[in-house]
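The values are calculated or read from the model by the stated rules, or taken from the named source; none is laboratory data. Quantities reported herein were computed from a predicted structural model and do not represent experimental measurements. Cβ coordinates were reconstructed from backbone atoms using ideal geometry, including for glycine residues, and neighbour counts include every protein chain displayed. We work out accessible area using only protein heavy atoms, side chains counted, and drop any ligands, DNA or RNA first. Shrake-Rupley method; radii C 1.70, N 1.55, O 1.52, S 1.80 Å.
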Amino acid sequence: MIARKDSLSAAPDGQGPQETFVLNLGPQHPAAHGVLRVLTTMEGEWIQRAEPVIGYIHRMHEKMGENRTWAKFLPNTSRIDYLSAMHYTHAFVGVVERALKIEVPARAEYIRVITSELNRIASHMVWWGALLSDLGGLTPFLYAFDDREKILDLLEGLCGARLTYCYYRFGGLYNDADDDFLNGTRAFVKHMPPRLRMYRDLVSDNIILRKRLEEIGPISAEMCRRYGATGPVIRGAGVAYDVRRCEPYSVYPKFDFKIPTYPQADSMARYLVRMDEMEQSLRIIDQALDQITAGPFMAPKVPRVIKLPPGDYCYAVEAARGRFMVRIVSDGKEMPYRLKLRTPSFSNLSLFEEASRGMILPDALAMMGSLDLVIPDIDR
Amino acid sequence: METPLKSMGQPTPQSFQPGPQPAPGSERPVECSQIAQFAKLDDLLALGRSYSLWPLTFGLACCAIEMMAAGMARWDLARFGAEVFRPSPRQADVMIVAGTVNKKMAPAVKLLYDQMLEPKWVIALGNCALSGGPFNFAGQYGIVEGVDKLFPVDVYVPGCPPRPEAIIEGILKLEEKITGKRHFPVAKLKE
Amino acid sequence: MNATLERLTSQFVQLIGPAAVPANLPVRAAAGPHEPATAAAIPAPVPAAAPATVPTAAASAAVATGTPAAPKPAAPAVPPPPPPSPVQVVDHALKGYHFDATVSPDQVVSAASILDREGFALDAVTGVDWIAQSQMEVVYDYFHPVNGLRAVVRTRVNRAEPELATISNVFSGANWHEREAHDFFGLRFTGHPNLTPFLLPEDATFHPLRKDYQP
Ligand code: SF4
């Protein structure tokens, strides 16, 4: 395979001795997780060039941001990356709180952390099932959704929605967490570790999975840096970059958790990072449940009509797929002047063209699965 | 089926809108069954079709996750015979348009619909597929405001996203439409 | 102050500083729409008088944040000759970034190279349409994957002729970000390998995030 790679790079623009053909993948392809289109130039089974073509689910979020008041844009945030809706809402309320200098009560921050981490586990469960069904095993999908439903039940009891929560408000939360939620979360924290151990025994140690992922799709730390890839992709390349540590927000500094990294930089490393991250999320939830105290869940003085002081503000969070940042420019009016959403999947996918050169197609799809793409998150 | 929890705009089974029923032969190609009627055989075929609907694996956006959830163990669409998701339009009977269709994607969606074999049905899932949903605002430049602008829709399922119960109810509605008779009980809401 | 920030500050002052030397640094007339007469008189690609650069950049910074530059906290200990506003160290808790520099459009590549040498990664490339000043602001966000610093580099181009050099030779990831900015704002990145519609349909000719866009 390595030798093959060299011969390919010798003839990168279709001038080589081998005949090439163009294979169009998508925009409706079951392995592309949505409406991603990849225009591949193939040399037999080998990819000479795989260029993602995006925009098939561009939904004008940034334009909408300029047409809506701050509060009215809030529901949109859970629809950008619908699998980690909590994190995205967190970034948006965070940027408004930063601009208005609103102090969020401790209880609200703890509940935000708990729900965010629950959401992260739910998101990773979907990724896990989807990756394995890409690789040919549908059964884990059923298990993954089973565990995910437990999380969704908890979050639904809290805010009424299963997927698009829109639970955080400027200065606090939509409503307080009741004992049902807290006890349910405690039960879930106990329930999940044996399941994760089972997944490790059944799937992660499975020789077929290892053969499909190990040494497949290497993405070095340097490549991550050049493309701005974040999240499990850069952590799978051995760099402990995590917004929760590097730009601490909310009450994350109060928790003791590890940032899992693997230096191998292959698809398996990214797989293992996510599996370990779920354990760390459970640890965070466990600590948060111990530390949470009674108190108000909304800041006392949040203006009814929100007008931010002029200027630009950023707020970044660690979403399930990596660094998500909201950059706003306010001109002092009731609506943002400009709203930029920096989404992790966009940067993570942008390295696909370079990383997939010289791979065989099934391996490239395995690597794409390990990037954990959510297409509306790319297109926005 | 229980009442949805704190209502956050979640649909109740009653709120389904009936789709616009195309007059026979007006929008659909004339089927053999419209020329020659074999009453009992047709009924039998319809019954068979309605309980073995093969949906197209076709996720667009958020609603697709709920569609997947509906097929998984908790909600188990298999109880109603619609769990065999086929990736190829040639093998599918029903297209569940789950998510936003934008102008770049619209030709591809239309092509998929055209590639499906008769008889075929369409379920528009979620507000985006109904009308553009949250992305339908004055000055929008990108989305198709409802998939019924592209091809006829048989069942509309509102919600953003619709709950899995609503998706199952949509399938049941479609089965009712195919056979002309509701075989499963209608969920009753508590007053 | 953090050592990386110190190095960044001095390098950016170096970068922007020589601009004050007349006739050394060609500046697009487009860079100075504060003087409408000049901008109208000289066609865009012709170099204009350089001394205007630093004050212009300073003024842009003030416009960019919409506030007078004074309330920005933690103003750095920059040597006096260039005014401190084009290069600033900012309180992260207030703004969400640590470092803010305003450069002229032809310095964005050098700015990117400085940040590349310091080990930063590209976060995003954003346009902001300042229609009232008939300017287009381009904001480059960077983050540091190891120490978590955030840097912002901003520049302004003429709204009618929004053209500046691509940084995709420095950061490969800029390729996509610049295509997106081209889609939304019609910014033309010279030297970009493939500036075709990206998120918009293949045949799109409109730029929806310009403030004067009518569907
Ligand atoms: S209806 Fe709502 S949940 Fe469904 S695709 Fe549209 S925005 Fe997403």
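Relative to the dominant Cα principal axis of chain A, helix A:70-80 is inclined by about 30°. Between the helical axis of A:106-134 and the dominant principal axis of chain A, each derived from Cα atoms, what acute angle in degrees is found, rounded to the nearest 10? With both axes taken from Cα atoms, the answer is about 20 degrees.
Around the Cα centre of segment B:95-170, unit charges on the Cβ atoms of Lys, Arg, Asp and Glu (plus for the first two, minus for the last two) sum to a dipole of about 300 debye. Across segment A:20-27, rounded Karplus estimates of 3J(HN,Hα) from the backbone phi angles (6.51 cos²θ - 1.76 cosθ + 1.60, θ = phi - 60°) give 10, 9, 9, 10, 9, 10, x, x Hz, Gly and Pro being marked x. Here's how it looks for A:ARG37: its modeled amide H is under 5 Å from those of A:VAL53, which are all 5 or more places away or on a different chain.
Scalar couplings 3J(HN,Hα) for segment B:59-73, obtained by applying the Karplus form with A = 6.51, B = -1.76, C = 1.60 to θ = phi - 60°, are x, 9, 8, 3, 4, 5, 5, 5, 5, 4, 4, 5, x, 8, 4 Hz; x denotes Gly and Pro.
Label-to-label distance, A:ALA187 versus C:SER113, with points set 7 angstrom from Cα along the beta-carbon direction: 6.3 nm. Using 7 Å Cα-to-Cβ label points, what is the B:GLU145/C:LYS211 separation (nm, one decimal)? Inter-label distance under the simple model: 2.7 nm.
Summing Lys and Arg as +1 and Asp and Glu as -1 over all other residues whose Cβ lies under 11 Å from the Cβ of A:LYS333 gives a net charge of -2. Springs join every pair of Cα atoms under 10 Å in this Gaussian network model of chain A, and among A:THR20, A:THR40, A:THR139 the largest mean-square fluctuation is at A:THR139. For segment A:47-121 and segment B:167-191, what is the separation of their Cα centres, given in Å? A separation of 36 Å, based on Cα centres. Take the alpha carbon atoms of segment A:231-254, find their center, do the same for segment A:273-348, and report the distance between the two centers in whole angstrom. So the two Cα centres are separated by 14 Å. Counting only other chain Cβ atoms within 10 Å of each residue's Cβ, the peptide A:140-147 averages 3.
So, by mean Cβ neighbours within 10 angstrom, what's the order for A:124-136, A:228-240, C:174-186, B:45-57 with the highest one leading? Display every interim value, and only then the final one.
Working: A:124-136: 22.1, A:228-240: 27.0, C:174-186: 24.0, B:45-57: 18.3.
Sorting A:124-136, A:228-240, C:174-186, B:45-57 by mean packing, highest first, produces A:228-240, C:174-186, A:124-136, B:45-57.
Shielding value for B:137-150 is 4, the average number of Cβ atoms from other chains within 10 Å of each residue's Cβ.
Using a Förster distance of 22 Å, how high is the FRET efficiency between A:ASP290 and C:VAL146, based on the Cβ-Cβ distance and rounded to 0.05?
Details: r = 32 Å, r/R0 = 1.44.
For R0 = 22 Å, the calculated efficiency reads 0.10.
Amide H contacts of C:ASN169 (H built 1.01 Å from N, in plane; Pro and chain starts excluded): no residue 5 or more places away or on another chain comes under 5 Å.
Find how much the distance from A:ASP153 to A:ASN175 grows on full extension, using 0.36 nm per residue of separation minus their present alpha carbon separation; answer in nm with one decimal. Spell out each step's value before the answer.
Values: separation 22, 0.36 × 22 = 7.92 nm, distance 1.61 nm.
My answer for the length gained is 6.3 nm.
Across segment A:240-245, coupling constants 3J(HN,Hα) worked out from phi with the 6.51/-1.76/1.60 Karplus curve, θ = phi - 60°, read 7, 8, 8, 4, 4, 9 Hz, and Gly and Pro carry x.
Taking R0 as 35 Å, what FRET efficiency do you get between A:ARG195 and A:ASN24 from their Cβ-Cβ distance, rounded to the nearest 0.05? It comes to 0.35. Adding -39500 (n - 2.57) for every DSSP H run of four residues or longer, then dividing by how many residues chain A holds, sets the calculated 222 nm ellipticity at -15500 deg cm²/dmol. Simple spin-label estimate for A:ILE207 and B:LYS103 gives 5.6 nm between the two label positions (7 Å along the Cα-to-Cβ direction from each Cα).
Would you mind calculating the relative contact order of chain A from Cα pairs under 8 angstrom and at least 6 residues apart, reporting the percent as a whole number?
Values: 704 pairs, mean separation 98.6, N = 380.
Here the relative contact order equals 26 percent.
Top to bottom by accessible area (1.4 Å), largest first, where do A:THR77, B:THR179 land?
On the way: A:THR77 5, B:THR179 40 Å².
Descending accessible area places them as B:THR179, A:THR77.
If R0 is taken as 25 Å, the Cβ-Cβ distance between C:GLU6 and A:ALA106 corresponds to a FRET efficiency of 0.10. Taking amide H atoms as placed 1.01 Å from N in the peptide plane, the amide H of A:ALA319 lies under 5 Å from those of A:PHE324, each 5 or more residues away in sequence or on another chain.
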